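The values are calculated or read from the model by the stated rules, or taken from the named source; none is laboratory data. Bear in mind that the values here come from a model prediction, so they are computed numbers and not experimental data. Reconstructed Cβ throughout: ideal geometry from the backbone, glycine too, with neighbour counts over all protein chains shown. Surface accessibility is based on the protein's heavy atoms, side chains included, excluding ligands, DNA and RNA. Shrake-Rupley method; radii C 1.70, N 1.55, O 1.52, S 1.80 Å.
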Amino acid sequence: MRALFVIIHRWFGLAAAVFLFISGATGAVISWDHELDAWLNPQLFEARSAAPGASAQPVLDGLTLANRVEQAEPKLRVTYVLTQEEPGHTMNMMIEPRLDPATGKPYVLDFNQIAVDPVTAEIQGRRMWGAISLSRENLLPFLYKLHYTMHLPDIRGIETGIWLMGIVGIVWALDCFIALYLSFPNWRSWRKSLAFRWRDGGHKLNFDLHRSGGVWVWALLLILAVTSISMNLERQVMRPILQTMSTLSTGPFETRTPLAPEKVVEPRVSREQAVQLGVEEARRRGLAGPVGGVFYSSMFGVYGVGLFEPGNDHGDGGLGNAWLYFDAATGAAEGGRVPGTGSAGDIFLQAQFPLHSGRILGLPGRILISIMGALVAMLSVTGVIIWVRKRRARLQQRQRLVGSTPGASPEAWSRR
């Protein structure tokens with residue numbers, strides 16, 4: 001049985017090594033995506049009206065800024081905006097093209113994110129978030145999307161990158177248990193599976209880094225693997241599994257069929273009305289916190305209203321921010337995602353992104369996940385090195401056997 005698990009571990013590892021190396025390396029970086037993005041692209045985050053020497057003027061709220069942007073740029077619709085931004089910062093908004101009345105298809109825009117001065121409503125910067133580009137403006141979004149999709153194109157409506165990395169997560173999770181079993185061949189010498197032969201270096205140290213390094217952080221590796229499955233294949237894999245053990249709440253994104261871009265309609269409920277609905281629903285539910293942001297999903301015809309303080313839109317600490325959903329045509333409440341409420345399965349799903357990103361523990365958690373990203377990349381490299389070394393040894397042994405057998409040829413041995 002052990003020999004079989006060795007083979008499975010070898011091929012599971014080789015099949016996933018490249019993808020885990022890329023995800024680990026990018027994960028170590030994108031734990032700090034907001035900070036690094038702001039450092040690389042101050043024009044997207046620092047408002048010109050707040051520059052030294054600029055005259056002090058009143059700052060507009062996010063909803064007013066979104067309306068002014070749409071009036072100035074009628075071809076676009078703001079799909080996500082904060083109600084307030086931190087002092088001195090631009091208001092970053094996500095946008096999508098509206099339908100062109102002449103063609104019935106969405107306008108062609110080469111950007112989906114804008115940075116708006118909160119005083120003048122001037123668009124300071126534009127970019128296509130997630131574009132395949134290594135420019136300063138696109139580097140962090142590029143790495144972020146690379147982390148969970150490998151930038152693979154959709155094929156016939158199938159998100160191949162999402163599926164691939166979800167399957168890699170499944171393989172990784174299964175291999176975590178196989179690797180743990182293989183790491184302890186003899187329980188009487190279990191200490192060897194936790195030790196590192198630093199002084200020996202070379203192949204011995206490489207082996208220990210792979211085996212013992214994986215054992216020390218095994219639980220964290222399993223958490224990363226499972227949360228990867230949950231975030232990439234929640235509807236296809238994780239929810240069906242959880243439903244066998246727990247009831248799960250459903251919202252509009254689970255019950256509605258998304259519309260094609262050319263079939264979306266204008267919302268009858270305005271952003272301001274959606275925010276007011278959010279305030280009233282939060283009060284009815286006894287939820288604390290101001291409305292911090294609002295998004296509109298044209299594909300589902302739904303508004304989402306988030307409850308959080310300015311500057312905490314990432315939801316650091318705990319299970320994240322509360323979101324309430326409303327029908328964009330009628331204003332009817334469509335449920336929500338309130339951290340810490342619902343069934344055990346609901347809370348499990350709520351914990352997936354906070355666990356994967358480390359934000360469940362705030363800053364210490366992000367530091368830990370950044371380190372774990374580097375360790376995942378290291379384990380991928382050391383695993384491949386072990387395979388290359390063992391394969392080379394097998395080939396050398398075969399050559400010696402061929403050379404010591406009269407009349408034998410490499411071709412004959414290759415057929416055995």
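Checked against (1) among the polar types (S, T, N, Q); (2) within 28 Å of the chain's Cα centre (by Cα); (3) open to solvent by 60 Å² or more (accessible area, probe 1.4 Å), residue 276 passes all but a single condition, namely (2).
When residue 32 is tested against the conditions (1) within 27 Å of the chain's Cα centre (by Cα); (2) open to solvent by less than 50 Å² (accessible area, probe 1.4 Å), the lone failure is (2).
Here residue 178 passes the criteria (1) over 22 Å from residue 233 (Cα atoms); (2) open to solvent by less than 60 Å² (accessible area, probe 1.4 Å); (3) not in a helix (DSSP H, G or I) except the one numbered (3).
Only one entry of 118, 153 meets the criterion of being assigned to a loop (DSSP other than H, G, I, E, B), open to solvent by less than 20 Å² (accessible area, probe 1.4 Å) and farther than 21 Å from residue 30 by Cα, and that entry is 118. Tell me, which residue of region 199-246 that is assigned to a loop (DSSP other than H, G, I, E, B) and within 28 Å of residue 366 (Cα to Cα) is farthest from the chain's Cα centre (by Cα)? By that ranking, first place goes to 217.
Right, residue 380: of a type in the set (S, T, N, Q), surrounded by fewer than 19 Cβ atoms within 10 Å (Cβ to Cβ), modelled with pLDDT of 95 or more and part of a helix (DSSP H, G or I) or not? In short, no. The residue that is surrounded by the fewest Cβ atoms within 10 Å (Cβ to Cβ), among those in region 247-257 that are of a type outside the set (S, T, N, Q) and part of a helix (DSSP H, G or I), is 254. Scanning region 39-97 for residues that are open to solvent by 40 Å² or more (accessible area, probe 1.4 Å) and assigned to a helix (DSSP H, G or I) yields 39, 42, 43, 48, 50, 64, 67, 68, 71, 72. Taking the numbered list (1) open to solvent by 30 Å² or more (accessible area, probe 1.4 Å); (2) assigned to a loop (DSSP other than H, G, I, E, B); (3) out of contact with any Ser or Thr (no Cβ under 6 Å at 6 or more places or on another chain); (4) free of Cβ contacts under 8 Å to residues at least 60 places away in the same chain in turn, residue 136 passes all entries but (4).
Can you tell me which residue in region 155-177 is nearest to residue 221 (Cα to Cα), limited to those that are in contact with a Ser or Thr (Cβ under 9 Å, 6 or more places away or on another chain) and free of Cβ contacts under 8 Å to residues at least 40 places away in the same chain? So the residue we want is 161. Considering region 279-304, and only residues there that are assigned to a loop (DSSP other than H, G, I, E, B) and closer than 22 Å to residue 254 by Cα, the residue that is most open to solvent (accessible area, probe 1.4 Å) turns out to be 299. In region 192-199, is there at least one residue being without any contact (Cβ under 8 Å) to a residue 12 or more places away in the chain and touching a Leu at 6+ places or on another chain (Cβ under 7 Å)? The answer is yes, given that some residue of region 192-199 is without any contact (Cβ under 8 Å) to a residue 12 or more places away in the chain and touching a Leu at 6+ places or on another chain (Cβ under 7 Å).
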